[in-house]
Structures are given as C-alpha cells and as structure tokens.
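Shown next, in structure tokens, is the structure this report addresses.
The values are calculated or read from the model by the stated rules, or taken from the named source; none is laboratory data. Keep in mind the model is a prediction, meaning the values are calculated, not measured. For neighbour counting, all protein chains shown are included, and Cβ atoms are generated from backbone atoms with ideal geometry for every residue, glycine included. Each accessible area value is taken on the protein alone, full model and side chains, heavy atoms only, with ligands, DNA and RNA left out. Shrake-Rupley method; radii C 1.70, N 1.55, O 1.52, S 1.80 Å.
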Amino acid sequence: MNLFEYVADRWSRLGLQAWLHVSAVVQCTIVAAVIGVLIGIAVYRSPIGSALATALASTVLTIPSFALIGLLIPVVGLGVAPSVIPLVLYALLPIVRNTIVGLAGVDPAVTDAAKGIGMSRFGVLTRVELRLAWPAILTGMRVATQMLMGIAVIAAYAKGPGLGSEVFAGLTNAGSTNSMNQALTGTIGVVILALILDGIYVLIARFTVPRGVRV
C-alpha cells in the first residue's frame, strides 16, 4: 500500500487527528498569549523585571519536551493535561519577549500626547501602547504557533491529541507493513498544517496591522 492509498483509506481518522492537533496548538497559543501579554505589561517598564521574565521563559526551553512531558505524567496523568501544560509553557518565551519589546518600543511622545488629551493610564495602555505593540505581539504568537506544531507531536507520548500518534505508531512498529506510511503521514500532515496556520497569521496581520507599522 502506497502513501496515497493509506491516507485515502484512513481519511476520516486522519482528518480528526489533524483537527485535534490544530485545535490543541491554537488553544494553547491563545492561553499563552493571554498569560504572556499580562506578564509583558507587568514588567516592560522595569529592565530588571523584563530581564527576569525573559530569563524564566527561556529556561523552560532548555528542558527537553519529551522529558517535561514524562515528568508531568506521574503528577497529572495521561491525556490532555500533560500535553497542554508543556505547550503553554513553551509558547511563553516568544510572546513575552515580543510583548516587552513592542511595548518598550512605543514612542514616549505618543504616550505623552495621549496623556495630554486626558487619557487615563489604563486608556493609554489599551488604546495606544497595546495597539502599537500588536504587530510585535502577533509575530510572537506566530513564532510560538510554529514551535508548538512540532512539539505537539511529542505529546502523543502522553496519549495527547493530534497527529503525533501516527508518528509514534510508525516509529514503534518500524518494519511493519504501514509503519513508514504512518510516520510519513503524521510528519507531512504537521508540516502542511503549520504552513496553513502561518498563512492565516499573514492574513490576520494584513487585516489588523496598518501598513506603515508592520514588522
């Protein structure tokens, strides 16, 4: 059985796995974006706080994803939890870093002008600074999403959702009839989904970022 026949015969199952893979990555990226932006807002005015937040987020990336998931299994069990927690943690660095860079890069003259017309501190943050920092934040989310597409494959080790189960099944059953088809289907599927999501980010940027401030 060649690769195309394998995919055609299992299209429904593979489609569900692809959807679960994308869903897990997108949801974890959104959760990480909320947490990361809040952290960025809290520390961007403090050089020490910014350095500490970036260093802590960077430290997570030094932990191999396979090892982190393995450490979480005895604590939270198998399934969604040991898959979601690492994905959110790994997504934090690019989002936190870009939020800090974006907010810190806002021209002080712009914020002074906003304060001069009577805007509150909260109003300046939400209506001026975050809007100007949005291109950088979106870029951080885009980078995080591409990272998570690959890391989510490892989540299959903890019975997590997604195409990782195809890759692991192919590697576990190496030498069997469909082992190569399983590994290739999962791998190629992740690459295709990553490209589709990246294209969606390009469209989001086109419709939400003014041409003059795109990064």
Checklist entry - Does Ala156 satisfy the condition of being without any contact (Cβ under 8 Å) to a residue 60 or more places away in the chain, more than 27 Å from Arg206 (Cα to Cα) and open to solvent by less than 20 Å² (accessible area, probe 1.4 Å)? => result yes
Checklist entry - Of the residues that sit in segment 142-153 and are aliphatic (A, V, I, L, M) and open to solvent by 10 Å² or more (accessible area, probe 1.4 Å), which one is nearest to His21 (Cα to Cα)? => result Val153
Checklist outcome for this item: Flagged in segment 59-75 as closer than 17 Å to Cys28 by Cα and more than 19 Å from the chain's Cα centre (by Cα), in numbering order, are Leu72
Checklist entry - Is it the case that segment 71-88 has a residue that's open to solvent by 40 Å² or more (accessible area, probe 1.4 Å) and of a type in the set (Ser, Thr, Tyr)? => result no
Next on the checklist: Looking at Ser50 and the list (1) open to solvent by less than 20 Å² (accessible area, probe 1.4 Å); (2) over 20 Å from the mean Cα position of the chain (by Cα); (3) at pLDDT below 90, which single condition is not satisfied?
Outcome noted: (3)
Checklist entry - Quick one: how many residues across segment 156-174 are modelled with pLDDT under 80, touching a helix residue (DSSP H, G or I) at 6+ places or on another chain (Cβ under 6 Å) and not hydrophobic (A, V, I, L, M, F, W, C)? => result 1
Next on the checklist: Looking for something open to solvent by less than 40 Å² (accessible area, probe 1.4 Å) and closer than 27 Å to Leu72 by Cβ - is there at least one such residue anywhere in segment 125-141?
Outcome noted: yes
Checklist entry - So Ala42 fits all but one of (1) in contact with an Asp or Glu (Cβ under 7 Å, 6 or more places away or on another chain); (2) among the aliphatic types (A, V, I, L, M); (3) modelled with pLDDT of 90 or more; what number is the exception? => result (1)
Checklist entry - So which residues in segment 107-124 are among the hydrophobic types (A, V, I, L, M, F, W, C), open to solvent by 80 Å² or more (accessible area, probe 1.4 Å) and over 22 Å from Val209 (Cα atoms), if there are any at all? => result Ile117
Item to check | Residue, nearest to His21 (Cα to Cα), within segment 159-174, restricted to residues that are in contact with a Leu (Cβ under 8 Å, 6 or more places away or on another chain) and open to solvent by 20 Å² or more (accessible area, probe 1.4 Å) | outcome: Pro161
Checklist entry - Going through segment 22-47 one residue at a time, which ones are open to solvent by less than 20 Å² (accessible area, probe 1.4 Å) and β-branched (Val, Ile, Thr)? => result Val25, Thr29
Checklist entry - Restricting the first residue to segment 184-197 and requiring it to be touching a residue at least 40 places away in the same chain (Cβ under 8 Å), which pairs with a second residue that is surrounded by 17 or more Cβ atoms within 10 Å (Cβ to Cβ) and among the hydroxyl-bearing types (Ser, Thr, Tyr) meet a Cβ separation below 7 Å and a spacing of at least six or different chains? => result Thr185/Tyr6; Leu197/Thr145
Item to check | Extreme residue, most open to solvent (accessible area, probe 1.4 Å), among residues of segment 175-202 that are at pLDDT below 85 and out of contact with any helix residue (DSSP H, G or I) (no Cβ under 8 Å at 6 or more places or on another chain) | outcome: Thr177
